[in-house]
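Notes to accompany the following structure.
The values are calculated or read from the model by the stated rules, or taken from the named source; none is laboratory data. The shown structure was predicted, so the numbers you read here are calculated from the model rather than taken from an experiment. Neighbour counts run over all protein chains shown; Cβ positions are idealised from the backbone, glycine included. Just the protein is used for accessible areas: all its heavy atoms, side chains included, with ligands, DNA and RNA removed. Shrake-Rupley method; radii C 1.70, N 1.55, O 1.52, S 1.80 Å.
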Amino acid sequence: METVLKRAAAALLTAVIILMPVATVCAEPAAEETQAGDEAGATAEQNAENSELERQKKASYDTVPETNTIEGWPQGPKVYANSAIVMDMNSKAVLYEKKIDKPHYPASITKLLTALVTFENASLDDEIVFSQESIDILRSDYASIGMKPGEILSLNDAMYAMLLASANEVSYAIAENVGKEMGGGYDTFIQEMNDRSAELGCAGSHWTNANGLPDKNHYTTAQDMALITAELYQHKDFQIIAQTLNYTIGTTNLVNETRTFQQHHKMLMPDNSNYYQYCTGGKTGYTDEARSTLVTTADNGKLQLVAVVLQDDGDVYEDTRAILDYAFENFSSLSLIEQEKPEEVKSYVDAEPYIVVPNGIGVSDLEYEITVEDEKKASGDIMFSYGGQEVGSVPVTLTPEYIEEATGYTTRLRLVDDGQNSSEDGILPFSRWTLAAVGVVLLLVVIAVVSYSRRRAVKVRKRRGMKKHHKRIKKS
């Protein structure tokens, strides 16, 4: 019996020893299979995401620009940008158009509007003090130049830091300090951003911050950014800052070292493959939500253009170059001074008014629409178009006849013209015979009035003398 038990125990022990290694070996492959499965799932998800991005990218590229559908309009290139525009900054003529009214996240090109509001409400000699709030907005992946709470910069240095280095804490500090000068604070500045863009005709924008950090209520359109940039370009200080390649900030009240930063816009860099000889400035932008955004100004000596690309998953510089080259090669300015004015227009306000049209197009090929701004001053705007596409708007002084016809407002006596004389001083044209007749009538009226006044003055003096004499006689 004992022998049997010993044999049974030995058999059981052997079985346990044999089974233990098997259990251990089986556990490791199970863990590896789970990890491999997770990695395979992650890879599959990433592949699906990449495939969707590629699909969207192709769909965006295949989208035909709206200007390509205009009969007689030069055919523009396809671009990867979801929205894109080229606009003449003076006449506001839109030369290239692709979904220009579609809202997008702008990212750091927001700082162009921040710059505009700053130039209009502050002096570059002002000082900017950095609050704790301006530093707290930063994350490790946000552009910054390492400012500290309580540190002070001149507004001039701050503008270089914002527009070149795209420093987010600097954008916040500018808005906060300028907002205080406007009688409020940061929120006051943001409200002015919204008000100012609305004044410029930006119908598709809403702004919640001064730097372009992601916010679902912070968005703009390609056309709105073009209008904002065109207005900003009128400030010479902006042009100087925007074309600077390197800038150094000196020591401050808290930092004893200088800080040097570089221009981000590659089309301004002569040593970069993306260099563009006509580029005069602009602003870069990128967030995961916005994708790549880019604003570029360019001047070839004949046209001053702004190009905007939004949500670009291709190469923003290649897209920008393509649409700028297209505009410079296919369009030219058309001086209105050398052309016959529309009959409703008395004169142009600008000394050298012009519009931008496809090469070979003349005024006779265009249509126009007039807007009366002030009937009392006979002021307005005339918008020219070709094939339904606007090619420029210029301010004008309108004829009194048109003002009366359009608004019912009459500014002065309407006299009949003999058709031989015209006036350039704002008075209705009429004949020399009419002038002579009116002059004679006025002279006779003046003589009659003077003569009557003299006779009446003599009679009054005589009557008063008689009354006084009568009173004296009566008293005696």
At q = 0.19 Å⁻¹, what log₁₀ I(q)/I(0) does segment 179-220 have when each alpha carbon counts as one equal point scatterer in the Debye sum? -0.56
For segment 164-284, accessible area per residue (1.4 Å probe, heavy atoms of protein chains only), Å²: 42
Keeping all protein chains in place and using 1.4 angstrom, which order do 124, 164 fall into by accessible surface area, from largest down? 124, 164
Want the number for residue 407 to residue 367: 0.36 nm per residue separation, take away the alpha-carbon distance, what's left? 12.3 nm
Name the long-range amide H neighbours of residue 247: under 5 Å, sequence gap of 5 or more, or other chain; modelled H, no Pro or chain starts. 261
Given the C-alpha centroids of segment 328-353 and segment 376-399, what is the distance between them in whole angstrom? 10
In the structure shown, of 341/376; 58/92; 58/266; 99/283, the pairs separated by more than 27 angstrom at the C-alpha atoms are 58/92
Filter the GluC sites (Glu not before Pro) in segment 199-264 to those in DSSP coil with at most 12 other Cβ atoms within 10 Å of their Cβ, and list the result. 257
Report the far tail of the P(r) of segment 96-165, meaning the percent of Cα-Cα pairs longer than 19 Å. 45
Sort 55, 321, 259 from largest to smallest accessible area, using a 1.4 Å probe on the heavy atoms of the protein chains. 55, 321, 259
What's the center-to-center distance, using Cα atoms, between segment 238-260 and segment 79-141 in Å? 20
Coarse-grained scattering of segment 53-202 at q = 0.08, 0.12, 0.21 Å⁻¹, given as base-10 log I(q)/I(0) from a Debye sum over alpha-carbon atoms: -0.33, -0.66, -1.22
Once phi for every residue in segment 166-171 is put through the Karplus expression 6.51 cos²θ - 1.76 cosθ + 1.60 (θ = phi - 60°), the whole-Hz ³J(HN,Hα) values, with Gly and Pro written as x, are 6, 5, 6, 5, 6, 4
With a cut-off of 19 Å, note down the residues of segment 319-356 whose backbone N falls inside the zone around a label point 7 Å from the Cα of residue 277 toward its beta carbon. 320-332
For 135, 174, 240, give the ranking by accessible area with the largest first, probe 1.4 Å. 240, 135, 174
Accessible-area composition of segment 91-133, carbon plus sulfur, in percent [1.4 Å probe]: 44
On a full-extension model of 0.36 nm per residue, what is the gain between residue 194 and residue 61, subtracting their alpha-carbon distance, rounded to one decimal in nm? 44.7 nm
